[in-house]
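Undergrad: Take this structure, written in structure tokens, and hold onto it; I'll ask about it next.
The values are calculated or read from the model by the stated rules, or taken from the named source; none is laboratory data. No experiment lies behind these values; they were computed from the predicted model shown. All Cβ positions, even for glycine, are placed from backbone atoms using ideal geometry, and neighbour counts span all protein chains on display.
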Amino acid sequence: MTEKKFARRDVLKGTTALAAAGMSGALFAQPARAQAPAAAAITPELIEAAKKEGKVVFYTAMDLTLAQRLGREFEQRFPGISARVERSGAERVFTRIAQEFSSKIYAVDLANTSDLAHVIHWKRDGLLAPYLPEEVVKHYPKQYYDPEGFQIVTRVLVSPLGYNTNLVKAEEAPKSFADLLDPKWAGKMVKAHPAYSGTIMNSTYQTARDLGWEYFEKLAKQRIMQVQSATDTPKKIALGERAIMVDGAGYLIIQYKEKGDPVDIIYPEEGTPVATSPSVVFKSAPNPNAGRLFQNWMHSREGQQIIVDFARQYSPHAQTVEKPGVRKLADIKLMKEDAEAIEKGAEEIKKRYSALFKV
Amino acid sequence: MTLALPAQKEGRRTFKVDFSVPVLLTFAALLCVLILLPISWLVMYSLSEVDPATKERVFTLAQFRTLFSDPDLVEPLITTMIVAISSSVACCLVAAPMGWLVARTDMPMTKVIRALVTASFVTPPFLGAIAWEILAAPNSGLLNKLYRFLTGAEMDAYLFNIYSMPGLIFVIACYTFPYVFVLVANALDRIPGDLEDASSILGAGTWTTARRVTIPLVLPALLAGALVAFLQAMILFGSPAILALPAGFHTMTTKIWSLFQYPPKPELAAAASLPLLFLTVMLLRGQQMILGRKGYSIVGGKSGEPRLIRLGWFVVPAMAFVVIVLMLPVFLPYFALLNAAFSPIATNLVTSATFTMKNFHFTFFELSTTQLALKNTFILGAASATIGTVLALVISYATARKAITGYRVLGFLATAPIAIPGIVLGVGLFLAYTRPPFVLYGTLWVLLIAYITIELPAAYQQLQSAFRAVHPELEDASRILGATRLRSLRDVTAPLLRTSVLATWCFIFVSTVRELSAAIMLFTSETKVVSVLIFDLKESGDLGAIAILGLSMLVLTFTVVIFINRLPGFGSSGLRNT
């Protein structure tokens with residue numbers, strides 16, 4: 001499952017060597033490689049062409065409030081272009097796009113998923129348009145974008161544990177995934193679904209790889225409340241519907257805590273699952289210029305600062321200013337992301353998961 | 001009676017062509033396409049698979065082998081049966097006594113009670129299920145909070161757990177009991193009073209008469225109601241998706257829907273749809289057999305008003321019973337939704353200090369799909385209601401007046417979709433209209449087709465019984481005076497049927513707005529409707545926006561219904577049929 005193939009097109013998380021290869025690809029066009037697109041700025045021509053199209057359609061897996069916030073800010077920044085946001089779980093977004101494309105319906109301009117494996121699919125099927133904004137080339141670490149411009153990581157997500165501080169005292173809160181198997185948490189946990197959410201697809205794969213499927217076998221016996229979205233588990237513990245969140249959007253816990261809700265985050269001892277969340281522009285985009293403009297703006301300093309300040313997520317943009325209250329990514333023990341393994345194993349993961357959790 | 005046959009259309013004004021036969025034939029062909037196309041795709045898919053080597057579709061029974069051997073599919077089938085039977089029984093236990101109280105006793109405020117039952121029918125079941133989550137989720141539910149507050153019980157003690165099989169059965173029963181209630185109450189309304197009088201004259205007391213005369217007469221209607229409730233419970237998608245999945249179990253409808261997740265398994269979904277279709281057909285046959293005997297209940301012919309039983313002091317518990325029953329599908333859920341709409345936290349009681357318009361603002365000014373979904377819902381509701389009513393009108397005319405040969409086939413075709421559960425039709429239409437010759441997926445047309453197909457049977461039955469009430473003499477007179485069949489239909493019959501036509505229009509509109517199970521299979525981002533948007537928001541837990549959207553949906557429904565009933569020339573101001 002974890003077998004690595006270093007086919008260039010498959011490797012999205014570049015090593016230094018690969019990043020260098022990407023660089024040289026940009027400098028000296030080599031026949032074997034697709035040429036990296038020229039770094040694109042937001043030019044008046046692009047804005048003008050986007051305004052002619054008048055709208056942009058953005059399918060996304062990000063929390064609805066963030067997605068709408070980005071849409072609205074974009075509309076204000078570029079008056080005359082309306083942004084329509086279509087939010088669902090990453091796996092649902094992926095299914096939707098596949099279903100629409102197979103019926104030759106091309107409604108989507110750009111998409112943001114929280115499952116990097118989707119990009120492997122789309123790229124292989126030749127659905128993506130290469131596009132590299134200037135700021136990305138200048139300010140993004142190489143591992144956060146495809147040198148050929150097929151994807152840019154918009155945000156980095158972690159899926160930690162969380163708990164309701166009214167229902168559980170800090171000193172009694174679980175410290176690790178193993179702690180969740182304690183019978184005292186039976187019936188008190190809420191968990192999201194890997195067939196809906198890309199974050200949870202990542203966390204399920206990483207946890208099963210590191211702790212074994214036996215872990216989930218035992219966890220499934222704990223009378224888990226099963227919701228769909230990684231953005232729902234934080235809401236459920238904030239309401240006090242369940243005491244512990246097994247997985248889900250860590251950034252929402254931080255948002256809710258800052259808002260005054262009785263929730264707190266726990267980074268499990270075994271390591272915290274991580275998911276990079278890339279955005280892509282489709283070749284078939286009905287509003288290609290507006291799509292590119294949105295992609296460019298969303299990854300600019302301005303768009304990325306919203307990811308940091310409002311959404312409380314990790315931005316790959318080197319110039320974003322951190323806002324205190326979020327633990328640095330470097331200070332969290334992270335599990336290792338492996339998009340290729342998920343690309344190959346997604347069906348198997350969903351199958352094993354639903355065999356254990358019954359839904 | 002049978003003067004009006006097309007063959008006799010020979011007259012002084014021969015230049016006038018009677019379009020009725022081609023029109024009726026067109027409608028018959030249309031119905032065939034509407035119904036047969038999705039069903040044949042469904043059957044074809046369930047019996048085939050794509051050979052990986054040749055990429056050709058080959059015959060196989062593998063889907064059905066999987067369906068009946070894989071526990072992942074067998075368990076939902078069993079669960080569905082348990083849920084459907086239990087909620088049907090629960091519906092009858094509540095609706096029968098209530099129907100009796102309203103129709104047969106001197107219970108006060110029966111009009112209000114009937115109106116409130118209608119309100120529970122207008123409420124989409126999935127919205128009710130979400131409202132019940134807010135009320136009875138074990139820890140955050142308002143009722144459980146109240147229970148802990150009153151008893152001082154532990155933090156995680158609870159009275160109700162809506163995420164459970166009984167919880168699901170309860171919520172389904174809340175929104176299917178109107179079907180049973182209406183059937184029972186109508187049957188009781190129709191039982192002639194003189195049968196009961198005869199019983200009393202022969203010396204039987206009030207209760208003996210009820211037991212020996214009234215109840216046996218209403219039993220067929222009750223059984224029919226039980227069947228309808230069973231069917232509704234079996235084919236619901238929204239409520240189990242909202243309440244069963246968190247509890248860790250599937251019903252057949254949620255399972256079929258999950259088979260469309262990537263990588264989609266349309267063949268298996270098609271095969272899994274067929275048992276639902278088969279069961280529905282069987283049950284409807286059963287219902288026909290039961291209702292077929294209904295004849296004896298109206299033997300009395302024209303007779304006096306039914307006699308009302310005096311409740312006496314019993315009115316107090318009776319009223320309490322009715323109020324409690326109506327609390328469950330109407331008062332409590334609407335209270336929960338209103339609270340969630342204006343509270344910063346859905347499951348906290350709103351106070352003047354915490355009152356917020358944030359959800360309202362978010363839903364209408366930030367959520368970019370709201371307007372699109374409301375617009376689509378409105379267009380689809382109005383279009384399905386209009387087209388559906390016209391279609392039902394023409395077909396019921398043809399069958400009630402035996403206007404063309406083969407009218408029975410037409411009647412059968414118009415009733416057939418009743419046997420197709422929404423989600424099954426959704427799968428069938430998805431298979432039928434995502435490929436040539438009809439590529440309609442991604443347009444509002446495919447949803448329109450789905451809605452019309454789903455609502456046609458009820459519309460047809462309503463209008464057919466209305467046609468029976470209008471004597472053909474009037475049409476005959478018009479035809480003798482030289483009008484074509486279509487003209488006499490338009491100028492004579494239609495005005496007489498005004499009230500029924502309006503009722504049918506409203507019925508289709510309401511049902512379309514609350515439809516989820518076919519829409520969930522057929523929507524695309526551009527053709528989203530409010531019910532699907534609410535379901536989407538449910539999956540990410542955005543309760544505030546759901547409450548606002550749900551309430552707007554109800555406001556939209558009621559506004560349209562009231563507006564239509566007040567249109568000049570329609571409704572109360574016009575002629576009434578008798």
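Undergrad: What is the residue count in segment A:184-207 for residues that are touching a residue at least 24 places away in the same chain (Cβ under 8 Å) and under 26 Å from B:TYR158 (Cβ atoms)? Don't jump to the end; show me each part of the working.
TA: Taking segment A:184-207 as the starting set, the residues that turn out to be touching a residue at least 24 places away in the same chain (Cβ under 8 Å) are A:185-207.
With the extra rule that they be under 26 Å from B:TYR158 (Cβ atoms), the set shrinks to A:185-193.
So the answer is 9.
Undergrad: Under the condition of being among the β-branched types (Val, Ile, Thr) and in a helix (DSSP H, G or I), which residue from segment B:349-387 is farthest from B:TRP445 (Cα to Cα)? Before you say what the answer is, go through the steps one by one.
TA: Residues of segment B:349-387 that are among the β-branched types (Val, Ile, Thr), as a first pass: B:350-351, B:354, B:356, B:363, B:369-370, B:377, B:379, B:386-387.
From what is left, the residues that are in a helix (DSSP H, G or I) are B:363, B:370, B:377, B:379, B:386-387.
Details: B:THR363: 27, B:THR370: 20, B:THR377: 13, B:ILE379: 11, B:THR386: 14, B:ILE387: 12 Å.
For segment B:349-387, the residue satisfying everything is B:THR363.
Undergrad: Related question: Kindly indicate whether A:ALA230 is farther than 24 Å from A:TYR314 by Cβ, assigned to a loop (DSSP other than H, G, I, E, B) and not basic (Lys, Arg).
TA: In short, no.
Undergrad: Next up: Considering only residues that are under 18 Å from B:ALA336 (Cα atoms) and among the aliphatic types (A, V, I, L, M), which ones fall in segment B:143-160?
TA: B:LEU143, B:LEU146, B:LEU159
Undergrad: Kindly indicate whether any position in segment B:359-374 is crowded, with 16+ Cβ neighbours inside 10 Å, without any contact (Cβ under 8 Å) to a residue 24 or more places away in the chain, hydroxyl-bearing (Ser, Thr, Tyr) and not assigned by TED's automatic domain parsing to the domain that holds B:VAL94.
TA: Yes, segment B:359-374 contains at least one residue that is crowded, with 16+ Cβ neighbours inside 10 Å, without any contact (Cβ under 8 Å) to a residue 24 or more places away in the chain, hydroxyl-bearing (Ser, Thr, Tyr) and not assigned by TED's automatic domain parsing to the domain that holds B:VAL94.
Undergrad: When both residues are 6+ apart or on different chains and their Cβ atoms are under 7 Å apart, which pairs have a first residue that lies in segment B:51-80 and is within 14 Å of another protein chain (Cβ to nearest Cβ) and in contact (Cβ under 8 Å) with a residue 24 or more places away in the chain, and a second that is surrounded by 15 or more Cβ atoms within 10 Å (Cβ to Cβ) and of a type in the set (Lys, Arg)?
TA: Listed by first residue and then by second, the contacts come to B:LEU73/B:LYS255; B:PRO76/B:LYS255.
Undergrad: Keeping to segment A:56-82, report how many residues are within 10 Å of chain B (Cβ to nearest Cβ) and more than 20 Å from the chain's Cα centre (by Cα).
TA: Looking only at that region, the number is 3.
Undergrad: If you don't mind, another one. For segment A:83-112, give me each residue that is more than 17 Å from B:VAL532 (Cβ to Cβ), more than 7 Å from every other protein chain (Cβ to nearest Cβ), under 20 Å from the mean Cα position of the chain (by Cα) and in a helix (DSSP H, G or I).
TA: Of everything in segment A:83-112, just one residue is more than 17 Å from B:VAL532 (Cβ to Cβ), more than 7 Å from every other protein chain (Cβ to nearest Cβ), under 20 Å from the mean Cα position of the chain (by Cα) and in a helix (DSSP H, G or I), namely A:ALA90.
Undergrad: Could you list, in sequence order, the residues of segment A:177-232 that are out of contact with any Ser or Thr (no Cβ under 7 Å at 6 or more places or on another chain) and acidic (Asp, Glu)?
TA: If the condition is that a residue be out of contact with any Ser or Thr (no Cβ under 7 Å at 6 or more places or on another chain) and acidic (Asp, Glu), then A:ASP179, A:ASP182, A:ASP210, A:GLU214, A:GLU217 are the ones that fit.
Undergrad: Quick one: which helices (runs of 4 or more DSSP H) sit completely within segment B:40-155 and have at least 3 residues that are crowded, with 20+ Cβ neighbours inside 10 Å and at pLDDT 95 or above? Give the steps one after another, and end with the answer.
TA: On the way: elements: B:62-69, B:71-104, B:110-122, B:125-136, B:142-151.
Ranges flagged: B:71-104, B:125-136.
Undergrad: If only one of B:ILE191, B:ILE290, B:ILE235 is farther than 30 Å from A:ARG92 by Cα, more than 14 Å from chain A (Cβ to nearest Cβ), buried (at least 21 other Cβ atoms within 10 Å of the Cβ) and among the β-branched types (Val, Ile, Thr), which one is it? Before you say what the answer is, go through the steps one by one.
TA: Working: B:ILE290 fails: buried (at least 21 other Cβ atoms within 10 Å of the Cβ); B:ILE235 fails: farther than 30 Å from A:ARG92 by Cα.
Only one candidate qualifies: B:ILE191.
Undergrad: Quick check on my filter: what residues within segment B:522-534 are within 18 Å of the chain's Cα centre (by Cα) and either of a type in the set (Val, Ile, Thr) or surrounded by fewer than 23 Cβ atoms within 10 Å (Cβ to Cβ) (or both)? Quick ask: steps written out before the conclusion?
TA: Start the filter on segment B:522-534 by keeping residues that are within 18 Å of the chain's Cα centre (by Cα), which leaves B:529-532.
Passing the criteria: B:VAL529, B:VAL530, B:VAL532.
Undergrad: Here's another thing I want to ask about it. Assess whether B:THR499 counts as being at pLDDT 90 or above and farther than 20 Å from B:LEU277 by Cβ.
TA: Details: at pLDDT 90 or above: no; farther than 20 Å from B:LEU277 by Cβ: yes.
Judged against the criteria, B:THR499 is not a match.
Undergrad: Give the number of residues within segment B:168-201 that are over 30 Å from B:PHE249 (Cβ atoms), hydrophobic (A, V, I, L, M, F, W, C) and in a helix (DSSP H, G or I).
TA: At the first step, the residues of segment B:168-201 found to be over 30 Å from B:PHE249 (Cβ atoms) are B:182-201.
Going one step further and asking which of them are hydrophobic (A, V, I, L, M, F, W, C), we end up with B:182-185, B:187-188, B:191, B:195, B:198, B:201.
Among the residues that remain, those that are also in a helix (DSSP H, G or I) are: B:182-185, B:187-188, B:195, B:198, B:201.
Adding up the residues that qualify gives 9.
Undergrad: Checking B:THR206 against (1) over 25 Å from B:VAL228 (Cβ atoms); (2) crowded, with 22+ Cβ neighbours inside 10 Å: exactly one of these is not met. Which one?
TA: (2)
Undergrad: Still on this model: In segment A:233-271, which residues are among the charged types (D, E, K, R), within 22 Å of B:ALA545 (Cα to Cα) and not in a loop (DSSP other than H, G, I, E, B)? Spell out how you get there, then give the answer.
TA: Applying the first criterion (among the charged types (D, E, K, R)) to segment A:233-271 yields A:235-236, A:241-242, A:247, A:257-259, A:261, A:264, A:269-270.
Adding the requirement that they be within 22 Å of B:ALA545 (Cα to Cα) leaves A:235-236, A:241-242, A:257-259, A:261.
Passing the criteria: A:LYS235, A:LYS236, A:LYS257, A:GLU258, A:LYS259.
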